[in-house]
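> Dropping a structure here in C-alpha cells format, bear with me for questions.
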Amino acid sequence: MTRRHRLSSPRQWLAVGLACLLAMVGVGPGSAATHPEQTMWLAKDGYVKDQLVAVFVDGPVWFNHLGQSEWKRVTQRQTFIDGDAIRTGNHGYAVLSWSTDNLLLIKPKSGVRFSIDARGQPQVLVRAHEATLLLSSRESRSVQIEGRHGALWVPHGEASIQANAQHDLVKCLAGEAEYRMLGSAQPVRIPEGYGLELDRRGQDSALTAYDMRMEYDAWRRFNTWLRNFDVVHERMTTELSYRVDAAMVNGVFVSNLEVDPDGYRILDPGADPAPREIHFKVKITPYPRPHDKFEVYLNKDLVYALREGREGYYEVRFRLPHFPEFPIKVHYIDSKGRRDRIFDGRFVVFNRHRKIAEVRHFLRQLAMAFERRDLLFLRDHISRDYRDWYGNTYWDFTRLLDDTLRQYRDLRLVLHPHSFIFRGDQVQVNLNYRLTALTGNWTWRYEDLGSELMTLVFADGDWRIRSKAKGLFFQRLKVAVDLRQGILRGRVLDEVSGRPVVGAQVKVLKTSFQTSTDSMGEYVFYNIPPGKYDVEITKNGFGKVTVSQVEVVPTGERH
C-alpha cells in the first residue's frame with residue numbers, strides 16, 4: 001500500500017467505521033427497497049397505537065403539512081399529523097399503519113390528505129383526490145376513505161378503491177365493505193368478491209362480481225406487508241384457531257370408514273337394522289375454553305350444540321336426519337358470532353344397497369327351496385310373528401305349505417322383485433311371480449301369475465317373511481289348467497291416478513265368463529277356448545270400457 005492510500009486521520013477512521021456499521025445493519029439508503037424481508041422485520045415494530053406511521057416507503061413519495069407549498073421526501077417510520085398530505089410519483093409505493101388494526105396501501109400516481117381527530121369516529125379520514133388505495137382492517141372502523149362520490153369503510157377485511165375524475169371504483173377483496181354515497185344516509189354493503197362503480201355524475205352500477213385473484217395480483221407488490229399485517233394481528237388476537245384431531249360416529253373412527261366413489265363415508269351396520277340414532281364425537285385441539293361454543297350443522301333446520309363429554313371428547317346425539325345420506329359440519333362460533341368450519345364430512349348408510357342384494361339372494365333361495373320341496377328351509381324362514389292379509393298366522397302358513405308340497409308335483413316358482421321400501425327394520429318388496437305345478441296324478445297343470453307385496457324382516461341372522469298381501473304359494477292354486485285351453489288375465493287401473501280399481505266387473509262378451517278385480521285390480525280367467533274375444537269392464541262411477549279383439553292362445557303353446 002502506498003503512502004497516499006493510508007488513513008492516518010482519526011476522522012477518516014471514524015467515517016470508515018460508521019460506513020462498515022451501516023453496511024452490517026443494512027440501514028443504508030435504499031436498503032428497504034433492496035431487502036423487503038428485512039423491511040418487514042423492521043416494520044413489525046412500526047405499528048403504534050393511535051398514530052399514522054409509514055411502515056414502508058419505496059420510490060418517490062413526498063409529503064407536506066397543511067398550508068405549506070414545499071414537498072419533502074417521506075422517510076421510513078415517519079409519523080403523520082392532522083392535515084398532512086402524501087403524493088406518490090410514477091414509481092412510488094407507500095404502506096401506512098394506524099394502530100395495529102388498519103393498514104393503508106398506496107399505489108403510484110396517488111394523492112391523499114389526512115384528517116386525524118382523536119375524539120371523532122372515524123379517527124382517520126383519508127381524502128383521496130386522485131388515488132388507488134387498499135385498506136386492510138381487523139375489527140376496526142377507525143379509518144375511512146373519502147372518494148369523489150362517497151366514503152368507504154372496511155370493518156373487517158380488505159377493500160380497494162380507485163378514485164379519479166372519471167369514477168369511484170370500489171372492490172371488496174375479503175370480508176365485507178361498506179360504501180356510503182354522497183347524499184345517502186344508508187351505506188351499501190359490498191360482499192366479498194363484488195365491486196361497485198360510480199361514474200362522474202355519481203350514478204352507481206349494480207354490484208358486480210369480479211376475479212379476486214386478478215385483483216390481488218394487481219397488489220402483489222405489497223404481499224410482504226399484507227402477510228406481515230396478518231402475523232401481527234394473529235399474535236395480538238385473543239381468538240383461538242381450533243381443529244378436529246379425531247372424529248367418531250357410533251363408536252367408529254371416521255378415518256377408518258370406507259369411502260364410496262362419491263366421497264361419502266360408509267356407515268355399514270352389517271346385518272343389523274339401520275341406526276336410528278347417530279352418536280358423533282370429536283376431539284378438538286387446543287382444548288376449548290369453558291365459554292367457547294361449537295355447533296353441529298346438519299341442514300338449515302337441524303343445528304345441534306356440541307357439548308363436552310368424556311375422555312376429552314365433545315359429543316352430540318341426534319336421530320338419523322336423512323336416509324341413506326346425510327352431512328355433518330362442525331362450526332366454532334367466535335366472540336363476534338361468526339362461524340368457522342372445523343369439520344366437514346358426508347356419510348351414507350350403505351346397508352340399503354346391501355340389503356337389496358341380500359333380499360334378492362334370499363328370494364332366489366326361497367324359489368329354489370320351493371322347487372326342491374324343502375319344507376324345513378321354508379319353515380325356518382317364516383317369522384313367528386307372521387300374519388298376512390288373509391289372517392293366516394305362522395302355523396296356518398306352514399300347514400298350507402305342507403299341504404301344497406304334498407298335493408303337487410313339478411313345482412316351478414319364478415320371482416322378479418322390482419321395488420324395495422324400507423320402513424325401520426322391515427323391507428316391503430313388490431315383486432312379480434309365476435308359479436306352476438302338476439297335480440298329484442300328473443294329469444293337470446296349475447298356473448298362477450301375478451304380483452305380490454311381501455314384507456321381510458331380518459332376525460337372528462336370517463331374512464324371514466313377516467307378511468304377504470296376496471295369494472302366492474297356496475291361495476291361488478285352485479284352478480286346473482287345460483293345456484288345450486287358454487288363460488286371460490289383466491289389471492284395471494284408474495287412468496287419472498294410476499291406482500288399482502277394486503271390484504270392477506269384467507265380462508268376456510258372448511260367453512259365460514265373468515269375474516271382478518281383486519285388491520290389486522287384477523282379474524284372471526282360466527280354461528278359455530282359444531280365439532278372439534271382446535272384454536267389457538264396468539264399475540259404478542267409472543263407466544264402461546270395452547276391449548276388442550283380445551286373442552287367447554292355448555296354454556300348451558306358452559310352455
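> Which condition from (1) part of a loop (DSSP other than H, G, I, E, B); (2) under 28 Å from Ile421 (Cβ atoms) is the one that Ile266 breaks?
(1)
> Which one of Asp199, Asp211, Asp245, Asp168 is under 27 Å from the mean Cα position of the chain (by Cα) and touching a residue at least 24 places away in the same chain (Cβ under 8 Å)?
Only one candidate qualifies: Asp245.
> Might you let me know whether segment 489-496 holds any residue that is at pLDDT below 85 and touching a helix residue (DSSP H, G or I) at 6+ places or on another chain (Cβ under 7 Å)?
Scanning segment 489-496 turns up no residue that is at pLDDT below 85 and touching a helix residue (DSSP H, G or I) at 6+ places or on another chain (Cβ under 7 Å).
> Related question: Could you give me the residue pairs with C-beta distances under 8 Å whose first residue belongs to segment 131-157 and is over 19 Å from Gln51 (Cα atoms), whose second residue is among the aromatic types (Phe, Trp, Tyr) and assigned to a strand (DSSP E or B) wherever it lies, and which are 6+ apart or on separate chains?
That search, which allows pairs on different chains as well, returns Gly150/Tyr179; Ala151/Tyr179; Leu152/Tyr179.
> Ok, one more. In a strand (DSSP E or B) and either touching a Phe, Trp or Tyr at 6+ places or on another chain (Cβ under 6 Å) or at pLDDT below 90 (or both): does that describe Gly175?
Answer is yes for this residue.
> Further question: If the requirement is being farther than 22 Å from Ile145 by Cα, under 51 Å from the mean Cα position of the chain (by Cα) and either surrounded by 15 or more Cβ atoms within 10 Å (Cβ to Cβ) or at pLDDT 90 or above (or both), which of these qualifies: Gln76, Gln123?
Selected residue: Gln76, the only one of Gln76, Gln123 that is farther than 22 Å from Ile145 by Cα, under 51 Å from the mean Cα position of the chain (by Cα) and either surrounded by 15 or more Cβ atoms within 10 Å (Cβ to Cβ) or at pLDDT 90 or above (or both).
> Now for a separate question. Determine whether Arg213 is in a helix (DSSP H, G or I), farther than 30 Å from Ile278 by Cβ, out of contact with any helix residue (DSSP H, G or I) (no Cβ under 8 Å at 6 or more places or on another chain) and among the charged types (D, E, K, R).
yes
> Tally the residues that are surrounded by 13 or more Cβ atoms within 10 Å (Cβ to Cβ) and of a type in the set (S, T, N, Q), restricting the search to segment 197-214.
Matching residues across segment 197-214 total 0.
> Another one. From the list Glu311, Glu315, Glu358, which residue is acidic (Asp, Glu), surrounded by 14 or more Cβ atoms within 10 Å (Cβ to Cβ) and not assigned by TED's automatic domain parsing to the domain that holds Met454?
Exactly one residue qualifies, and that residue is Glu315.
> In addition: Just checking, does segment 130-141 include any residue being in a strand (DSSP E or B), under 25 Å from Arg213 (Cα atoms) and more than 41 Å from the chain's Cα centre (by Cα)?
So far as segment 130-141 goes, yes, one or more of its residues are in a strand (DSSP E or B), under 25 Å from Arg213 (Cα atoms) and more than 41 Å from the chain's Cα centre (by Cα).
> Looking only at segment 362-400, filter to residues that are aliphatic (A, V, I, L, M) and closer than 18 Å to Val457 by Cα; which one of those is nearest to the chain's Cα centre (by Cα)?
Leu363
> Hand me the list of strands (runs of 3 or more DSSP E) wholly inside segment 485-559 holding 1 or more residues that are touching a Lys or Arg at 6+ places or on another chain (Cβ under 7 Å) and on the phi > 0 side of the Ramachandran plot.
Of the strands (runs of 3 or more DSSP E) lying wholly inside segment 485-559, those with at least 1 residues that are touching a Lys or Arg at 6+ places or on another chain (Cβ under 7 Å) and on the phi > 0 side of the Ramachandran plot span 543-552.
> Give me the pairs: first residue in segment 369-387 and in contact (Cβ under 8 Å) with a residue 40 or more places away in the chain, second residue among the basic types (Lys, Arg) and surrounded by 14 or more Cβ atoms within 10 Å (Cβ to Cβ), beta-carbon distance under 7 Å, and six or more apart or on different chains, which are they?
Glu371/Arg412; His381/Arg464; Ile382/Arg464; Ser383/Arg464; Ser383/Arg466; Asp385/Arg466; Tyr386/Arg466
> For segment 529-559, enumerate the residues that are surrounded by 14 or more Cβ atoms within 10 Å (Cβ to Cβ), under 22 Å from Asn432 (Cβ atoms) and at pLDDT below 90.
Within segment 529-559, just Thr555 meets the criteria.
> Here is a further query. So which residues in segment 421-451 are at pLDDT 85 or above and surrounded by 17 or more Cβ atoms within 10 Å (Cβ to Cβ)?
Matches in segment 421-451: Val427, Val429, Leu431, Tyr433.
> Of all residues in segment 269-315, count the ones that are part of a loop (DSSP other than H, G, I, E, B) and of a type in the set (A, V, I, L, M).
3
> Just a yes or no: is a residue in segment 327-335 among the aromatic types (Phe, Trp, Tyr), surrounded by 15 or more Cβ atoms within 10 Å (Cβ to Cβ), part of a strand (DSSP E or B) and touching a residue at least 12 places away in the same chain (Cβ under 8 Å)?
Within segment 327-335, one or more residues are among the aromatic types (Phe, Trp, Tyr), surrounded by 15 or more Cβ atoms within 10 Å (Cβ to Cβ), part of a strand (DSSP E or B) and touching a residue at least 12 places away in the same chain (Cβ under 8 Å).
The values are calculated or read from the model by the stated rules, or taken from the named source; none is laboratory data. From a predicted model like this one, the values you see are computed outputs, not experimental measurements. Cβ: placed from backbone, ideal geometry, glycine included. Neighbour counts: every protein chain shown.
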